[in-house]
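Every read-out reported here was derived from the displayed coordinates using simple, explicitly stated rules and does not represent laboratory data. Fair warning: this is a prediction, and the values are worked out from it, not measured in the lab. Note: ideal-geometry Cβ built from the backbone for every residue, glycine included; neighbour counts use all protein chains shown.
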Amino acid sequence: MSVYLRYYVPGGTYFFTIVTAGRTPLFASPVARATLGRIMRTCFERYPVQVIAIVLLPDHLHTLWALPAGDAAYSRRWQWIKREFTRAWLAGSGCEHAVSESARAERRRGVWQRRFWEHTIRDEADLESHSDYIHYNPVKHGLVAKPGDWPWSSFHRWVRAGCYRPDWACCTRPIPLPRNAGE
């Protein structure tokens, strides 16, 4: 049996990878994207975070969160988001991936992978490399030719803020990516 240990730093900044069950491309659906957005906004009203960066791909998402001072409860947030999305998605006749009898006995559904991957951001360079990883991810997966072509990304917000040029990572060699970014 595996033992999973999470590193909790109150007020910390974290990188996350969350994957759908069986890598089902749920988020190719506009309904799924809208539902997830609504659920995440509701969660952040209850349990505030600063979303530094995010990208939503058909079968997974990556995000960087900064938690409030004294708060390290990112697992609570992900549990809430995954549970509420699953309820809303299945209530709206959304599909789910088949799960084993043992998973059914544990009341798990076939919408999300059981766990998520997290990384505690160590410093400014680590934050920058994970932000670049997030924004380059649609290119890495062959979904677009340049980050600015992917609509479900905080890249556009970062361009408006002057942090990235609109043509960042367009026609050059691939950017260096952080090791072990969760996929």
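Numerical summary
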{"quantity": "Modelled FRET efficiency - R0 41 Å, Asp71 with His141, Cβ distances, 0.05 increments", "calculated": "0.80"}
{"quantity": "Per-selection Kirkwood Rh - region 1-83 (Cα, Å, 1 d.p.)", "calculated": "13.6"}
{"quantity": "Net charge of Cβ neighbours under 15 Å - reference Pro48; Lys, Arg +1; Asp, Glu -1", "calculated": "+2"}
{"quantity": "Charge tally in the Cβ shell below 14 Å around Tyr74, where Lys, Arg are +1 and Asp, Glu are -1, Tyr74 excluded", "calculated": "+4"}
